Every structure is written in C-alpha cells, then in structure tokens.
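The values are calculated or read from the model by the stated rules, or taken from the named source; none is laboratory data. Everything numeric here is computed off the predicted structure, so don't read it as measured data. We place every Cβ from the backbone using ideal geometry, glycine too, and count neighbours over all the protein chains shown.
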Amino acid sequence: MHKIGCHGLAGILLLPGAMAGAVDGYSDPLRPPAAIADHGTSKVSLFGIPARLGEIEEEIDEETRVLAALAPLQVGIQFDEFGYHSDYIPAVDGISAEPLWTLDFGAGLFPTQAMVLVPALDQRSSDLRGYAFPKRFRIRSVDEQGVAGGVLVDWTTQDFPDPGLRPVYFSFPEDDEPMGGLRLEIFAGHEEKALEFFALGRVHPIRQGELQKTSVAAVSSSFESPPYWGQDYLASQRYTLGMPLSAKDGAGGNLILKLPTEWQDEPVVVRVELDDTNVLGWVNLFPGRSPSGIDVPGYGFPGSMRIFRVERRADGKELRFLLPDQELLKNPGNNMLRLRGAGSVANALEFECNDFPAYQGQPVFSLGEIEVIRSGHNLSRDRLVSIRGVEMAEDPGLRSLVDGKVGGRDILHLPEWLRQLAKGKPHEVRLAGLKAEQLMLRERWGRFRAQTLIGGAAAGVVGILGVVLYLLRSRRRAEARLRRQIYSDLHDEVGSNLGSVSLLVEQLAGIARSERMKDGMFNLSLMAREACVSLREVVWVADQKSIRLPALLQKLNERAERVLDDVKFSSEIPGDCPDEVVSLSIKRHLMMFFKEAVHNCARHARATEVRLTIFVFGNELTIELRDNGCGFDGSQPVDGWGLGSMKQRAREMGGEMELHAVPAGGTTVRLRLPLSALSKEPSQPYKTSN
C-alpha cells in the first residue's frame, strides 16, 4: 500500500501567484510546490468566532461570485465510451521506481501548447464523482523513434490532488512546447480491495490554440470492455463534460420544430451557407434543450443524421460529399458532438435529419447550435440558414442555430472552456473548506451559547442558594450569639447569686446554735455550690461544637474542687489523655454519675480528704473517687446515696461501677468505661430519674 500521504487539493491550488509553466492565466502546476501552504481550518479563539463567521460569509460570497463567473461544471450524461481503464495489478507497497503503466500519444503538425486530462466518471454511483485518477505520474516528450525526452510534468514526488470531476489543464512553457509525441507515465494509481489501477475519461492536446484530435499511439496495458472502456475512447470526439457554455445567461434559444403527428419519415435538411470557399476544421453540433426546463438528454436530436459538405464548382453546379466520422452522429445526451472537417473545402454544409423522437405523441426536431470552426474562428456565425423538407407557416427561428448561444448562454472556445473549468478547482475547494469551517464554528458557537445559558442559569441558582445559605448562616450566628449572651447573663447573674447564697449560709451555719440547724445550713450551702457548678457546666456545653474527653475530665475535676471546698482535695489527671469525641448522652450520664459520687462525699461521708484519680490503660478509661470518710457496710442497703442510679448509668454507658466501702474506713467509687463507648449513643433510652 502507498505510505505517502496525499495532500488536499486546497493545499496546492490555493497558493498565491502563478506557478512555473503557467501561461495566460490558470494552469495546474507542472510540479509540486516546494512548500505546500496549510489552508486547514483556522484556529479561532472562542470570542473571535462571531468576527470570523462574518469574514467567512464575505469569503463565501466572493468565492461564489468567482465560481459563478466561470464556465459552470455541467457533467453530461454518458451512456457509453466512458474512457480508458488500466488493467488491475496487486497493490504496490510504496512508490514504484519504474512506471506501472505508460500511454503514448502521437505527434501533431504543430507544437503542443497544453495537455488536458479529463477524469473518468464513477458510473457505479448515482452521485457523480471522479473515478481512479492517477496519483503519481509524469508527462514526457517522445521523439519519432519513441525515445523519451525531457520531463514536462513531474508529479512523482507527491500525490496529485484529486481533481474530482474537473479537467486537469497543463500549460507548457513556450520554450518547452514539444514538437513530437507525449508519454504519460503512471507510478501510482488508485487502490481498492488490494488492487491498483487508474482511469481517464479523455486526453486533449491543444495546438495552435485549438483542441486537436488525440492520437493514441500505444498503451502498456488496458482493460477493454466495449462499448464502455477501451484505449481508443481516450481520443473519442464525444465529450463527457457537457457543453462549452459560459456562465452568463441571456437571450437566445434553440431551434425547436414540432413536426406533424403523421410524419412520413421524410428527411429534414438544414443548410448553412459559408462565405465563399472555406477550409473546414471542425464541425460542432450542440443538442437542444427542452423548453419546459426538464432535463431531457439530447432533446429533439434526430435518430439518424448525415452531414454533407457542399462544394460549388465554377459552373455553379454543387457537389455533396459526406464528412468523415459519420458513426458519431447519434444522440449525444447533454454533450457536444464534434466531427472533423479533415481540411476539406466547402461553400455550405447540409445536415440531413430523420427519425425524430416524439414527446407525448408529437415528433420534435431540435438543435442548439451549429459551429464550423477553423483555427479557432467560427465560420458559421450569423450565416444564412435555410430548411427544406417541411412546410413552416412562419420563421421557425433558424438564426438561433448560428447565434453563438445555446439556451441563452454564450458558446466558449474549447481551450478557454476547459481552462475555466480547471480554474474553478481552487475556488470550489476553497468554498467547500469555508463552508465546513463555517459549520464547525457555528456548532462550536452554539455549544458555547448553550453552555453559557446553562452556566448562567446554574450560576443564578448557585447565587440564590448562596444568598439563602448566607442568610441562614447569619441567622444561626445571631442565634448562637444570643444563646451565648443568655448563658453568660445567666451564669453571671444566677451564678453570682448562688455564690452569695452559699457564703451567707456558711456564715449563718457558724452562728447556729443547734446541730439540726447547722446540718440544714450545710445542706443548703452544698445545694448552692452544686447548682453553681451545674450552671457553669450547662454554659460550657452550650458553647462547644463538640465535647472531647480531656475537656470533660477537666470539668469533672473542677466540679469536685468547687463542691468539696471544705475538705482537702487532690486529683491526678493524665496529660496524654486520648482526644476522643464524647456524645451528648454519654456526657450527661458521666457528669450525673460523677455529680452523685461527689455529692455523697460532701453530704454523707463526713470525709476530711478526697482524692480523684483518672487514668487510661489500654482501651479503657477509669475514674476513681476515694475518701477517708465514715464508710458503710456495703452488704446492707444504704438510703439516700443513689447507688442504684449510679450503677444504672454505668450500665447504660456500656461500663461498670465498682464500690468499696468499709465502716469507719472510707469509700471508693470506681467507674470503668471502654473508650470506644464514649462516642456512641446508648442503645436504650435513659431511664434514671436524675
């Protein structure tokens, strides 16, 4: 398979300036440019898209205007004589060093000014397109002995861009115009299903500013399949590119004769007078067009036709001679018919027509134009035209056969027509590229606008949510500040009053005369201290986002210090206590458990010394409160100590309470609690009473 990439048509044909070898206008480059311009889709920034779209619209209008001014590409319907098709060979890996196929074309009487290669049509598809145009090739001059000379066209180093349906027009520099024959050497063709081949529709040499008859001298190989493919069809005078008409549409029509329904197959003879005696070059016949605008290939073209040249002798007698190539006189479809005049002389031409087609039962004879050409000059333009063999009530418009127009369009000189068709290639490709870029940018801009709309809507929703969240957060902050203010005021006001009550009660207890009154004063002072400590704890808890074990243990120690202010109190708290989060339920259970234990020390134990010990061993937290008070008999029920409530709280926390009491020997309360239970909520609801 060929590994070398094929450059796009635009990359070559859109280069500014004329290439070497171009003469009088456009010509396909004889050799690949040294540097191929990159005319791919431009890189446009997102916000530059609108401006670029405006530029593209202007460029599309300009390219459309230029194309509209050139001869339109109107591929004619072809029923046979498709062109030349090479034989099939296995696909070559890379580029062959020697030609895979060669085609030799004979020399003419004059130097060859240009060579036109017309692509074959892909007849396998209803979508008209070019078929198997060669990729790598060169054109060389050949002398009379068949020896190859200099290279005129060299496209062996790069793939030639696919011309599609348009002809390829190589103009040779005047100094290099070959006098002899030409050789087309193919180094790489078209690949399909691991086979390699190529095809051409027609080859036209241009000499003396005129399309000359092609002479196919030899081909290295050919796929012959008459009447469709054959090497002789390269030189066929039946065209495949339609009729050589200009883009300008104006006045002028075709000859259309509606013959009597009972036509007796009598010939209709059209005669065109020439000035004096003329040497004939070419006779061109243009088919007519349906007046309904419907595309009818070869509308009204007679089924049989003979062309005679009329030579007038000195005595006034006329002699009629058939022109050569009479076998070409059959329905041309939408193409022009071209017959050789063979250098013969004539004073007039007569076209004997018969076997007319019928449309809706009405026989019709129609022609678009009759041209008699010699060295690029039209010998029949505006000459006298007559008709015989049919009675006409009025002038049938015979002058339309020699007015230089078909269907209102001017007839172009064939070399100029082919040049304009080839010249349309870069504009056609440029226009296709611009439309593709326009579509891409429009889709990109549409996506951006949709995304912007969605993004704007999303931003609006996010903004609204942000405002709502900000208001909610502001409200929560205000509520939090209000709570803290209430807690602070409560602590300062109520706490101060409770402290004053405690001091006052202690003073009263000092002057009380009875023990009963002293006990009452003591209990009242204890309640005031406990209420003050509980109030501090409430304020502390309300001000915390989360409660952690080290801070909670510190609060337990502070409670013991404040409540037991009339005994010798000592404590031991670990400095490396785990920073565990304590759930609110566990916190409440633990503080109420500890409150009960401290209360018992202050109220019932009558101790003089109390020690608090907290330590963590392994995954277990231990809180121990020991006093040297009166103790009690642990085997006997004790009223008022709340031991049952403490045991219940220990179980609900997932821990265990140990109690060691000896009459007159003090009491020790120990709580063992797994660290893993601190962050959990109790599986059962709280059932204790206080």
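Cβ-Cβ contacts under 9 Å between residues 6 or more apart (or on different chains), taken from a first residue in region 98-115 that is within 17 Å of Glu210 (Cα to Cα) to a second residue that is hydroxyl-bearing (Ser, Thr, Tyr) and outside any loop (DSSP other than H, G, I, E, B), are listed as Thr112/Ser141; Gln113/Ser171; Ala114/Tyr169; Ala114/Ser171; Met115/Tyr169; Met115/Ser171. What residue, among those in region 597-624 that are free of Cβ contacts under 8 Å to residues at least 60 places away in the same chain and charged (D, E, K, R), is farthest from Arg670 (Cα to Cα)? If we take residues in region 597-624 being free of Cβ contacts under 8 Å to residues at least 60 places away in the same chain and charged (D, E, K, R), then Arg606 is farthest from Arg670 (Cα to Cα).
When you scan region 350-366, do you find a residue that is in contact with a helix residue (DSSP H, G or I) (Cβ under 9 Å, 6 or more places away or on another chain) and closer than 25 Å to Asp295 by Cβ, even just one? Within region 350-366, none of the residues are in contact with a helix residue (DSSP H, G or I) (Cβ under 9 Å, 6 or more places away or on another chain) and closer than 25 Å to Asp295 by Cβ.
Conditions (1) modelled with pLDDT of 90 or more; (2) more than 57 Å from the chain's Cα centre (by Cα); (3) among the acidic types (Asp, Glu), marked per residue:
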residue	(1), (2), (3)
Val269	yes, yes, no
Leu274	yes, yes, no
Ser292	no, no, no
Tyr299	yes, no, no
Met305	yes, no, no
Lys317	yes, yes, no
Leu322	yes, yes, no
Asn335	no, no, no
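Only one of the numbered conditions (1) over 30 Å from Glu416 (Cβ atoms); (2) touching a helix residue (DSSP H, G or I) at 6+ places or on another chain (Cβ under 8 Å); (3) surrounded by fewer than 18 Cβ atoms within 10 Å (Cβ to Cβ) is not met by Val44, and that is (3).
Looking only at region 337-369, residues that are part of a strand (DSSP E or B) and either over 19 Å from Asp275 (Cβ atoms) or within 52 Å of the chain's Cα centre (by Cα) (or both) come to 17 in all. Candidates Ala199, Ala120: the one that is over 21 Å from Glu428 (Cα atoms), touching a His at 6+ places or on another chain (Cβ under 8 Å), of a type in the set (A, V, I, L, M, F, W, C) and crowded, with 20+ Cβ neighbours inside 10 Å is Ala199.
Among residues of region 59-84 being assigned to a helix (DSSP H, G or I) and in contact (Cβ under 8 Å) with a residue 60 or more places away in the chain, the one that is surrounded by the fewest Cβ atoms within 10 Å (Cβ to Cβ) is Ala68.
Considering region 223-266, and only residues there that are free of Cβ contacts under 8 Å to residues at least 60 places away in the same chain and not assigned by TED's automatic domain parsing to the domain that holds Arg388, the residue that is surrounded by the fewest Cβ atoms within 10 Å (Cβ to Cβ) turns out to be Pro226.
Checking the structure you have, find out if any residue of region 303-318 is crowded, with 17+ Cβ neighbours inside 10 Å, in contact (Cβ under 8 Å) with a residue 40 or more places away in the chain and in a loop (DSSP other than H, G, I, E, B). No, every residue in region 303-318 fails to be crowded, with 17+ Cβ neighbours inside 10 Å, in contact (Cβ under 8 Å) with a residue 40 or more places away in the chain and in a loop (DSSP other than H, G, I, E, B).
Considering region 85-102 alone, what residues qualify as being closer than 19 Å to Glu185 by Cβ and not in a strand (DSSP E or B)? Listed by number, the residues that qualify are Ser86, Asp87, Tyr88, Ala91, Val92, Gly94, Ile95, Ser96, Ala97, Glu98, Pro99, Leu100. Scanning region 358-383 for residues that are surrounded by fewer than 18 Cβ atoms within 10 Å (Cβ to Cβ) and closer than 21 Å to Leu339 by Cβ yields a count of 6. From the list Ser126, Ser141, the one residue that fits, being farther than 19 Å from Gln231 by Cβ, surrounded by fewer than 16 Cβ atoms within 10 Å (Cβ to Cβ) and of a type in the set (Gly, Ala, Ser), is Ser126. I'd like to know if region 554-574 contains one or more residues that are free of Cβ contacts under 8 Å to residues at least 60 places away in the same chain, within 15 Å of Arg672 (Cα to Cα) and among the charged types (D, E, K, R). No: zero hits.
Region 175-255 holds strands (runs of 3 or more DSSP E) entirely within its bounds, and those carrying 1 or more residues that are over 24 Å from Gly341 (Cβ atoms) map to 181-188, 190-192, 195-197, 216-219, 245-249.
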